[in-house]
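For reference, the structure is listed below as structure tokens.
The values are calculated or read from the model by the stated rules, or taken from the named source; none is laboratory data. Computed from a prediction, not measured in an experiment: that's the story for all the values here. Cβ placement follows ideal geometry from the backbone for every residue including glycine, while neighbour counts extend to all protein chains displayed. Just the protein is used for accessible areas: all its heavy atoms, side chains included, with ligands, DNA and RNA removed. Shrake-Rupley method; radii C 1.70, N 1.55, O 1.52, S 1.80 Å.
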Amino acid sequence: MSADDPRCYVGDVVESTETDDGLAIKGRFDLDTEFGKSAYRNTKGRRVSGLSIGYAIRNSTKTAAGNELTDLELIEVPIVARGQ
């Protein structure tokens, strides 16, 4: 199954907020689909432990340490078995 398969959709991002610790994501599972129900059960059962993010860079600044990403468009937030 590829990432663009509609069965990969398991819910919605309700809110995303940048914090001192990183990006805080609040989401809602789509419990009307089998994949949404499965993702919910696996998350509640702690069989998945993290999120990944897909984004587009709107603006960045070159620094001595590398590129600082200053403005991003959040595109997707997949649930992953192991978070960083």
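Full extension of the segment from residue 26 to residue 41, taken as 0.36 nm per residue of separation minus the current Cα-Cα distance, would add 3.7 nm.
Sites listed here are chymotrypsin sites (Phe, Trp or Tyr not before Pro) in the range 1-78 whose DSSP assignment is loop and whose Cβ has at most 16 other Cβ atoms within 10 Å: 9. Here the chain has 46 percent of its accessible surface on carbon and sulfur atoms, given a 1.4 Å probe and all protein chains in place.
Using the Cβ-Cβ distance between residue 49 and residue 75 with R0 = 25 Å, the FRET efficiency computed as 1/(1 + (r/R0)^6) comes to roughly 0.70. Per residue, the accessible area of the chain comes to 82 Å² when a 1.4 Å probe rolls over the protein heavy atoms. Note that the chain carries a Kirkwood radius of 14.5 Å, evaluated over its alpha carbons pair by pair.
Rounded to the nearest 20, the Cβ-based charge dipole of the chain about its Cα centre (Lys and Arg +1, Asp and Glu -1) stands at 500 debye.
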